[in-house]
Amino acid sequence: FGVAVVIGRFVYPRLGLPFRSEGGKGFTFVLLAAIAMGLFAEAIGLHMILGAYLAGLFFETKVAHPNLVRVVMDRSYGIAYSFLGPIFFISLGF
């Protein structure tokens, strides 16, 4: 968890500055960082989704353009909280 905090607070904002434009590059950077954090979590013995979740906690407007954040949040909010969230927590129980 400490490594994720250091990466999220200090590394991602610096790496993400070139990707803050309104194009698709910011979204690509966020997606790749979530995958990388997921793989890192898997490598240290945690579930991959925990790493991706931690990566997502640090990404709001620090890296991506504010309009991109708004669009992604609007499109994914309903699916994430009403469908994917319960499936994830049910799968943790098995």
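Just so you know, in segment 40-70 the residues that are of a type in the set (A, V, I, L, M, F, W, C), more than 17 Å from Val6 (Cα to Cα) and modelled with pLDDT of 75 or more include one that is surrounded by the fewest Cβ atoms within 10 Å (Cβ to Cβ), and it is Ala43.
May I ask you to list pairs of residues, at least six apart or on different chains, whose Cβ atoms are under 7 Å apart, with the first in segment 77-90 being within 18 Å of Leu50 (Cβ to Cβ) and the second being among the aliphatic types (A, V, I, L, M)? Listed by first residue and then by second, the contacts come to Phe88/Ile49. A count restricted to segment 71-91 and to residues that are surrounded by 10 or more Cβ atoms within 10 Å (Cβ to Cβ), out of contact with any Phe, Trp or Tyr (no Cβ under 8 Å at 6 or more places or on another chain) and among the aliphatic types (A, V, I, L, M) stands at 5.
The values are calculated or read from the model by the stated rules, or taken from the named source; none is laboratory data. The model shown is predicted, which means the values in this text are computed figures rather than measured ones. All Cβ positions, glycine included, derive from the backbone under ideal geometry; neighbour counts span all protein chains shown.
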